[in-house]
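Structure record follows, encoded as structure tokens.
Each reported figure results from applying straightforward, stated rules to the coordinates on display, with no laboratory input. These figures come from a predicted structure and were not determined experimentally. Cβ sites come from the backbone with ideal geometry, for glycine too, and all protein chains shown count toward neighbours.
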């Protein structure tokens, strides 16, 4: 089931600083999509999403960072707080995407929870290979599936070892 969150885009994502109402944030197989009307404002792949949080006006005011201050503006926190007001904060590798929503924070947290889990489930980038100068041998397994994995001098092999027990595990 697709999660749909509507609100005012307050900015924060590099290259998409233009603020505006009627923004719709939805999840896709590949990541998050933010649209305004029929136009896609941005698409953020899951691999770039670090966290998705919901804060009420009080929490946002307490967690002001330089980025948020520039994004939302100093006067946004001075405005009268609404009973049904929450902020969805999507932290990415490039910056934060912030939506102001007219909804109770607790209700919105429940709606956002599946997206937050997806963001933390997304696999990290594949392990990088050590420089070719490293001779063949048993080294710490970069995938974390075992204690050791055999490096043949140019690439990782399927041969692994944990507690002295050898087996195989595809890279």
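Distance between the pseudo-spin-label points of residue 143 and residue 30 (7 Å out from Cα toward the beta carbon): 2.6 nm. Residue separation of residue 93 and residue 152 scaled by 0.36 nm, minus their Cα-Cα distance, works out to 17.9 nm of gained length. Between residue 134 and residue 168, what FRET efficiency comes out of the Förster formula 1/(1 + (r/R0)^6) with R0 = 22 Å and r the beta carbon distance, rounded to 0.05? Given R0 = 22 Å and the Cβ-Cβ separation, E is 0.55.
With the simple model of a label 7 Å out from the Cα in the direction of the Cβ, residue 84 to residue 59 spans 1.9 nm.
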